[in-house]
Amino acid sequence: MNAPIRPRRSVLYMPGANARALDKARSLDADALILDLEDAVAPDAKQQARVQVAAALREGGYGRRECIVRINALDTGWGLEDVRAIARAGAHAVLLPKVQSAAQLAELAQALDAAGAPPDLPLWAMAETPLGFLRLDAIAGGHPRLAAIVVGTSDLVKDLHARHTPSREETLLARSLAVMAARAHGLAALDGVHLDLNDGAGLAAACQQGRDQGFDGKTLIHPSQIAAANAAFAPSADELASARRRLDAWRAAQAAGMGVAVVDGALVENLHAQEAERVLALAAAIGEQ
């Protein structure tokens, strides 16, 4: 538990060209906002979106919410202009789409530095192509400012020629690779979006599946999805009670010179105490918001 935990249960994409959405985001119960200049913005609205997102960041008012800007890829006609517009606007991180190599992260960092961004401004990377997922270990460990991996399942399913299914088996391997790479390199891992806004049960199941798989939270496409993500990725009352019992028993065992404890019939070792500490720290961080 070396670094403070920041809840990222719900991470909502907000279209940068929609001024009303950018304003409404200030009152939503999302942990983080991705102010989008890429997929959610039509080509003829890119300039408007860029100006509006930069202005919204400078105006502030987002409170505890983490504000990340998803720029266009640097090899498009918009990416570098996005960087120049938002470099000093006050974003908490910059999200690069379709990352397939660590060199792309270095290029983004250099562009941000040239535009006068804070030297420690974090980078987030989207994993959403087959090649990107196959290279995730190198990408995840490829730049010291990288802080999160965001899974893009929609583009991946398209590239795989697969089909979206309720079980999400078609993206299981890719999502597992994302969590594995994130944990290996100390990064946050965020699950992909749920596309059907009328499928509340499916959304709840996908959130629970992502939580069980190890993700920190879920990316969302509509405010109506926030509550389900916040509930699924927060420790339940039973989890918190169990964590407290395990941690208390472990500390008592340590004080008595023993290496293990038994709680509710199960063995408790150092690894279980560490996980209990993480769960309790997450709950405390959520409670402070």
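The values are calculated or read from the model by the stated rules, or taken from the named source; none is laboratory data. On a predicted model such as this, the values are computed, not experimentally measured, just so you know. Every residue, glycine among them, receives a Cβ derived from its backbone with ideal geometry; neighbour counts consider all protein chains shown.
Can you go through D196, D212, D238, D216 and tell me which one is more than 22 Å from the chain's Cα centre (by Cα), closer than 24 Å to D29 by Cβ and among the acidic types (D, E)? Even if it seems obvious, please write down each step before you answer.
Working: D196 fails: more than 22 Å from the chain's Cα centre (by Cα); D212 fails: more than 22 Å from the chain's Cα centre (by Cα); D216 fails: more than 22 Å from the chain's Cα centre (by Cα).
Of the residues listed, the single one that is more than 22 Å from the chain's Cα centre (by Cα), closer than 24 Å to D29 by Cβ and among the acidic types (D, E) is D238.
Going through region 90-104 one residue at a time, which ones are small (G, A, S) and either out of contact with any helix residue (DSSP H, G or I) (no Cβ under 7 Å at 6 or more places or on another chain) or over 11 Å from C67 (Cβ atoms) (or both)? Outline the logic, then answer.
Taking region 90-104 first, the residues small (G, A, S) are 90-91, 93, 101-103.
Once the filter is applied, which keeps residues that are small (G, A, S) and either out of contact with any helix residue (DSSP H, G or I) (no Cβ under 7 Å at 6 or more places or on another chain) or over 11 Å from C67 (Cβ atoms) (or both), region 90-104 yields A93, S101, A102, A103.
Looking for something farther than 29 Å from G141 by Cα, in the same structural domain as D159 (by TED's automatic domain parsing) and within 25 Å of the chain's Cα centre (by Cα) - is there at least one such residue anywhere in region 174-186?
First pass over region 174-186, keeping only residues farther than 29 Å from G141 by Cα: none.
Checked against the condition, which is being farther than 29 Å from G141 by Cα, in the same structural domain as D159 (by TED's automatic domain parsing) and within 25 Å of the chain's Cα centre (by Cα), region 174-186 yields no hits at all.
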Among (1) touching a Lys or Arg at 6+ places or on another chain (Cβ under 9 Å); (2) in contact (Cβ under 8 Å) with a residue 24 or more places away in the chain; (3) not in a helix (DSSP H, G or I) - the single one E81 does not satisfy: (3)
Collect the residues in region 9-55 that are acidic (D, E) and surrounded by fewer than 23 Cβ atoms within 10 Å (Cβ to Cβ), keeping them in residue-number order. D23, D29, D39, D44
Please list, ordered by first then second residue, the pairs with beta carbon atoms under 6 Å, 6 or more apart or interchain, first in region 96-109 and free of Cβ contacts under 8 Å to residues at least 24 places away in the same chain, second assigned to a helix (DSSP H, G or I). none
Could you tell me which residue of region 1-22 is farthest from F233 (Cα to Cα), considering only residues that are in contact (Cβ under 8 Å) with a residue 12 or more places away in the chain and assigned to a helix (DSSP H, G or I)? A19
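Out of D191, D155, D196, I need the residue that is closer than 19 Å to Q213 by Cβ and charged (D, E, K, R). Which one?
Working: D155 fails: closer than 19 Å to Q213 by Cβ; D196 fails: closer than 19 Å to Q213 by Cβ.
D191 is the lone residue from the list that is closer than 19 Å to Q213 by Cβ and charged (D, E, K, R).
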Out of region 121-151, which residues are free of Cβ contacts under 8 Å to residues at least 60 places away in the same chain, of a type in the set (G, A, S) and either closer than 22 Å to L220 by Cα or part of a loop (DSSP other than H, G, I, E, B) (or both)? A125, A127, G132, G141, G142, A147
Could you give me the residue pairs with C-beta distances under 9 Å whose first residue belongs to region 23-37 and is touching a residue at least 12 places away in the same chain (Cβ under 8 Å) and of a type in the set (G, A, S), whose second residue is surrounded by 24 or more Cβ atoms within 10 Å (Cβ to Cβ) and part of a helix (DSSP H, G or I) wherever it lies, and which are 6+ apart or on separate chains? A25/A56; A30/A229
Failed condition for L197, given (1) out of contact with any Ser or Thr (no Cβ under 7 Å at 6 or more places or on another chain); (2) surrounded by fewer than 17 Cβ atoms within 10 Å (Cβ to Cβ), with all others met? (1)
The strands (runs of 3 or more DSSP E) lying entirely within region 183-289 that contain at least 3 residues which are within 23 Å of V150 (Cβ to Cβ) and in contact (Cβ under 8 Å) with a residue 40 or more places away in the chain are 188-191, 217-220
Over region 245-279, the set of residues buried (at least 18 other Cβ atoms within 10 Å of the Cβ), among the aliphatic types (A, V, I, L, M) and within 25 Å of P4 (Cα to Cα) is L247, A249, V268, A273, A276, V279
